[in-house]
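Have a look at the structure below before the remarks.
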Amino acid sequence: MAEASSSSEFPKKVVYCGVCSLPPEYCEFGGTVKKCEEWLEQNHPAMHEKLYSQEAIEQNLSALSLDAQKRAEKDAQKKAAKAASAEAKAQEQRATSKVLIKRIERNKRKYVTAVQGLEQFGLDIKKVAKDFGKKFATGSSVTKVPGGGEEITVQGDLSDDILDYLTETYSDIPEDNVECIEDKKKKAAG
Amino acid sequence: MFKKDITPGPKTKVKSSAQRGIRQKVLDQYPQLEPYIDDIMPKKEQLDLVKLPDRIALYALSAVPLFFQHMDDPLLPHLTLIHRYPHCFTRLRIDRGAIRFVLSGASLMVPGLTSAGGRLPGNADDTEGRYGGKDGGDGGELDAGEVVVIEAEGKENACFVGVLKMGTGEMKRVRKGQALEGGHYLGDGLWQLNLA
Ligand SMILES: [Zn+2]
């Protein structure tokens, strides 16, 4: 009997934080609480009100001894510092990384375009390759680069289109960090 | 179990006969999932097996992880599955102070369960009987080796699932030591794993 009434109640829908991926009630234990809170306020205002009210915060604190509170706070600070430095590092990496768009002559008048360096901007290469294929209605695949790493190979001469597409779609990639070069067939042996 | 980030191995399709076997195992281990099993593992949909490091197998339905298993050990539910059907699993609760340790991958220690904020079977403050096993005349006490889901004081959703290292009766007596082994916690490598 209870089952019939409860079957509509389940599966329970659980909200997961758009920043740290945990249920928002656990955001306080990660190093990105500030960002998590902003996200929740924008996306789930009612839940935000409940979790971040003065009352809720006081209640959380009263569950711990003074000593434990101090240790927890120290721990939280450490975590936040760690997260901040990781973020700074990622930003620096983005600022110095380059995306290379190479036009390669395959046959007379036939070209492929190779794109390297996207992984440094935290992009999923396979997914981007698929998006290229769809966007430009052409063959697009991921190939291993000798010396490690992967590049996307797109059929056709699409250097300029890809440049535009990348800088429009991914705001994380500054236009200055994208370079188009030409790779003539059979250059000096190398 | 998943303290480090994990790189999943290749995905393979589970044969329909094997799929039936897994379904039965799930029901044997978690009989309370019975009313929902067709939603969780629809008979006609393809179950995938993803190999994870250290001989752990993960069963998933398209990109949704469901259960994982180390060799022939019991099947353990993924936390997102627990969040969807929390009442179908045997649960205990840790106090607030223990949460941050669990979420950083430390072993779950008995005092986190025996303190005022924790809940072992038969706790007087647990009037709805949410925590512990089905009472088999032993007050719902659980034995070592049983799979339990760990909820937390002041939180709605579970944060950990693992296997009891010590019976709950013994925990109440000794009040120290490691409570659970291995397992899966919020934010660990299994949680972060992207199957898409
Ligand atoms: Zn969060």
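Looking across segment A:20-35, the residues that are near the ligand (Cβ under 9 Å from one of its atoms) and either more than 12 Å from A:Ala80 (Cα to Cα) or not assigned by TED's automatic domain parsing to the domain that holds A:Glu73 (or both) come down to A:Cys20, A:Ser21, A:Leu22, A:Pro23, A:Pro24, A:Tyr26. Of the residues making up segment B:108-138, those that are hydroxyl-bearing (Ser, Thr, Tyr) and assigned to a loop (DSSP other than H, G, I, E, B) are B:Ser115, B:Thr127, B:Tyr131. Looking at the structure I just gave you, is A:Ala63 within 8 Å of another protein chain (Cβ to nearest Cβ) and modelled with pLDDT under 95? Criteria met by A:Ala63.
None of B:Glu156, B:Glu151 is within 12 Å of chain A (Cβ to nearest Cβ), within 24 Å of A:Val14 (Cβ to Cβ) and assigned to a strand (DSSP E or B) except B:Glu151. Of the strands (runs of 3 or more DSSP E) contained entirely in segment A:42-151, those carrying at least 1 residues that are acidic (Asp, Glu) fall at A:99-107. Restricting B:Gly118, B:Gly145, B:Gly183, B:Gly122 to residues that are away from chain A (no Cβ under 14 Å) and buried (at least 21 other Cβ atoms within 10 Å of the Cβ) narrows the list to B:Gly183.
Taking segment B:49-107 as the region of interest, the strands (runs of 3 or more DSSP E) fully inside it that hold 1 or more residues being surrounded by fewer than 19 Cβ atoms within 10 Å (Cβ to Cβ) are B:56-61, B:64-70. Residues in segment B:81-94 that are more than 7 Å from chain A (Cβ to nearest Cβ) and among the charged types (D, E, K, R): B:Arg91, B:Arg93.
Contact map, segment A:86-109: residues that are touching a residue at least 12 places away in the same chain (Cβ under 8 Å) and at negative phi paired with residues that are aliphatic (A, V, I, L, M) and surrounded by fewer than 12 Cβ atoms within 10 Å (Cβ to Cβ), Cβ distance under 8 Å, separation 6+ or inter-chain. Pairs shown: A:Leu100/A:Ile181; A:Ile101/A:Ile181; A:Lys102/A:Ile181; A:Arg103/A:Ile181.
Condition (residue is within 16 Å of the ligand (Cβ to nearest atom) and hydroxyl-bearing (Ser, Thr, Tyr)) applied to segment A:55-72: is it met by at least one residue? Within segment A:55-72 (the criterion being within 16 Å of the ligand (Cβ to nearest atom) and hydroxyl-bearing (Ser, Thr, Tyr)), the answer is no, since none of the residues qualifies. For segment B:118-139, a residue qualifies if it is over 19 Å from B:Val174 (Cβ atoms), more than 16 Å from the chain's Cα centre (by Cα) and not acidic (Asp, Glu), and the qualifying residues are B:Ala124, B:Thr127, B:Gly129, B:Lys134, B:Gly136, B:Gly137.
The values are calculated or read from the model by the stated rules, or taken from the named source; none is laboratory data. Not measured: the values here are computed from a predicted model. All Cβ positions, glycine included, derive from the backbone under ideal geometry; neighbour counts span all protein chains shown.
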